[in-house]
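Read the figures in this text as sums done on the coordinates, not as results from a lab. Everything numeric in this text was worked out from a predicted model, so none of it was measured. Because the Cβ atoms are built from the backbone with ideal geometry, glycine has one as well, and the counts that use them run over all protein chains shown.
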């Protein structure tokens with residue numbers, strides 16, 4: 001027979017994200033000229049008490065004297081505290097309500113504000129053990145009930161002893177007074193709760209550190225909002241990914257490590273061993289060898305447009321979802337293209353350095369307006385089509401070529417072939433993807449077809465242009481000006497030297513792969529990619545993956561979710577449903593999508609299942625990866 005479990009939970013900085021008396025001070029001291037000084041002292045006294053460096057009663061007396069509080073302040077305090085319940089408690093709210101008899105609030109705070117907050121989680125007043133305020137005849141808070149055992153030193157162990165709980169007792173808190181329960185021998189386990197605050201002395205004395213409530217439930221094999229604690233999910237972000245992404249992923253509860261540059265294959269293999277989520281930009285190559293060594297990897301986020309630096313097919317075979325940001329930096333790239341066209345048409349790349357050397361070279365030679373010139377766009381996708389609108393608005397005639405037939409925007413006209421576009425254009429700009437078929441798409445033959453003095457730009461992929469052939473075309477005068485933002489081999493970090501045959505050439509604008517590197521674009525990407533990954537981890541939704549069948553799902557409500565990724569072979573869905581039926585599980589929702597290589601099935605069931613169900617689903621021979629979401 002399984003022993004009953006009792007969870008003793010602290011209130012301040014555990015059930016809530018804050019210390020309630022600190023918030024009460026912000027309310028009561030509003031307008032007081034000594035507000036900042038008093039609030040600082042309240043926090044200092046709170047921390048000293050939590051760390052066991054000041055007796056609890058001394059700490060409480062001083063804080064109440066500093067507060068200058070009244071009964072009428074308490075309703076506002078309660079409303080603020082309800083909004084500051086800890087994130088992991090919020091997401092496990094329904095489970096707490098369903099099992100409220102197992103939860104006790106044991107706090108050195110006060111019942112007057114604790115009971116109304118925890119009541120929304122189903123915890124009754126009889127399970128709340130805390131101090132009581134004392135009021136004078138005018139309703140001012142003047143002290144606390146000194147007969148309450150929790151107002152004294154070692155009050156929490158005394159209170160637990162009096163409860164005479166049978167079964168397992170697990171204590172969850174952030175302060176030394178919570179540890180004292182375990183120290184006194186009245187608890188099986190003490191978890192130092194660090195979702196909101198970390199106190200070194202408390203962590204040192206704890207049996208376990210609990211970054212969130214899910215970790216506690218996981219260790220006790222209990223139902224919870226997520227089948228695997230988010231605090232155990234490790235994220236590795238490379239290449240100076242925007243801090244907004246770091247913040248977003250950390251707020252979700254993941255362990256996030258940040259590395260400023262790219263990594264070599266061997267470095268990445270070593271770093272990725274226990275990583276569940278990898279974030280990269282364009283420099284890091286996620287090869288077949290890397291993916292085969294990444295035993296725990298669930299998702300890869302490319303914080304850019306392209307994914308050719310990732311072996312997407314190998315990731316698919318291993319059940320690793322790949323996400324990118326196909327639209328987030330479109331505008332930034334387009335604006336840079338327009339700027340470069342103008343700079344190159346005016347031949348400013350040579351004039352500006354001359355000015356800094358003291359040379360005054362005022363001339364209109366080789367300086368042209370862009371109005372009336374023909375812009376040829378190779379690749380009419382998101383960037384190419386938006387570029388055509390802006391270029392046309394500036395007076396350019398736009399023609400384009402794409403492998404897929406696409407309707408031109410505005411007055412843009414399609415060309416029958418790339419050769420036709422090349423021979424007609426005054427300015428040529430490339431916006432194709434990184435597929436291997438595009439290797440040296442522009443080579444000596446293509447440069448020979450171009451007009452003399454053509455302006456040529458590549459802001460797509462380094463390998464699509466033969467740069468040795470481009471160098472010859474520049475030196476011969478065939479190309480009158482060029483702008484290049486991408487290169488076949490790029491430095492792994494800003495500390496490494498950039499090497500290219502294009503350095504030092506006339507009217508040649510070289511930029512360090514910054515087409516999408518604006519603060520606006522990087523923030524957009526840093527919001528978009530983590531959002532897709534978080535949604536995938538939390539719900540199984542595969543919206544905007546580049547290698548999985550796309551399924552968009554709601555958050556799970558009152559059911560259990562099984563996620564089954566398998567090789568796309570006949571009969572797998574039947575095998576899944578036979579297992580569910582033989583175990584008498586009722587399917588309340590099922591979603592299936594396939595592509596050429598894999599099938600993706602999500603099944604929601606409405607009742608608790610036995611572990612054998614999981615084993616049987618995992619053991620279907622076509623299975624690539626299986627996950628459970630509670």
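Between the helical axis of 382-393 and the longest alpha-carbon principal axis of the chain there is an angle of about 60 degrees.
The long axis of helix 56-67 is offset from the longest Cα principal axis of the chain by roughly 70 degrees.
Among 193-205, 290-302, 376-388, the peptide with the highest mean count of other Cβ atoms within 10 Å heads the list, and the full ranking is 376-388, 290-302, 193-205.
Using only the alpha-carbon atoms, how far is helix 330-345 inclined from the longest principal axis of the chain? Give it as 0 to 90 degrees, nearest 10. It is inclined by approximately 30 degrees.
Gain on full extension, evaluated as 0.36 nm per residue between residue 356 and residue 149 minus their Cα-Cα distance, stands at 66.6 nm. Gyration tensor over the Cα atoms of segment 357-436: the corresponding equivalent ellipsoid has semi-axes (square roots of 5 times the eigenvalues, largest first) of 28, 15, 12 Å.
For segment 233-323, go through all pairs of different Cα atoms, get the mean of 1/r, take its inverse, and jot down that Kirkwood value in Å. Here the Kirkwood hydrodynamic radius works out to 12.8 Å.
Rg/Rh for segment 5-219 stands at 0.94; both radii use Cα atoms, and Rh follows the Kirkwood definition. Mean projection of the Cα convex hull over all viewing directions, computed for segment 330-517: 10.9 nm². Packing, as the average of other Cβ atoms within 10 Å across residues, places the peptides 493-499, 585-591, 396-402, 169-175 in the order 169-175, 396-402, 585-591, 493-499, highest first. Cβ crowding within 10 Å ranks 280, 624 as 624, 280, fewest other Cβ atoms first. Note on residue 165 and residue 313: the model spin-label points, each 7 Å out from Cα along the C-beta direction, lie 5.7 nm apart. Computed over segment 67-133, the alpha-carbon pair-distance distribution with 5 angstrom bins reads 3, 17, 26, 27, 17, 7, 3, 1, each value a whole percent.
If R0 is 22 Å, the Cβ-Cβ spacing of residue 420 and residue 472 corresponds to a FRET efficiency of close to 0.40. Considering only DSSP beta bridges where both residues belong to segment 5-219, give the percentage that are antiparallel (nearest 5). Of those bridges, close to 20 percent are antiparallel. Measuring nothing but how far apart in sequence close Cα pairs (under 8 Å, 6+ apart) lie, relative to its length, segment 5-219 scores a relative contact order of 25 percent. Working note: Cα atoms of segment 476-630, range along each principal axis, descending, whole Å: 76, 32, 27. Computed from the Cβ-Cβ distance with R0 of 30 Å, the FRET efficiency linking residue 363 to residue 499 stands at 0.35. By the equivalent-ellipsoid construction on the alpha carbon gyration tensor, segment 115-171 comes out with semi-axes of 25, 17, 7 Å, ordered largest to smallest. Ranking of 270, 405, 223 by neighbouring Cβ atoms within 10 Å, starting from the fewest: 405, 270, 223.
Rg and Dmax over the alpha-carbon atoms of segment 87-208 stand at 15.2, 46 Å. In this simple spin-label model, placing a label point 7 Å from the Cα along the Cα-to-Cβ direction at both residue 584 and residue 227 gives a separation of 2.2 nm.
Treating r as the C-beta distance of residue 435 and residue 619 and R0 as 45 Å, the FRET efficiency rounds to 0.75.
Using C-alpha pairs below 8 Å separated by at least 6 residues, the relative contact order for the chain is 9 percent. Pairs of C-alpha atoms in the chain farther apart than 49 Å represent 33 percent of all such pairs. Sorting the segments 237-249, 359-371 by their mean number of nearby beta carbons within 10 angstrom, highest to lowest, gives 237-249, 359-371. Each principal axis of the Cα atoms in segment 551-629 has its own extent, and those three values, largest first, are 33, 27, 17 angstrom. Computed over the Cα atoms of segment 159-242, pair by distinct pair, the Kirkwood hydrodynamic radius stands at 14.3 angstrom.
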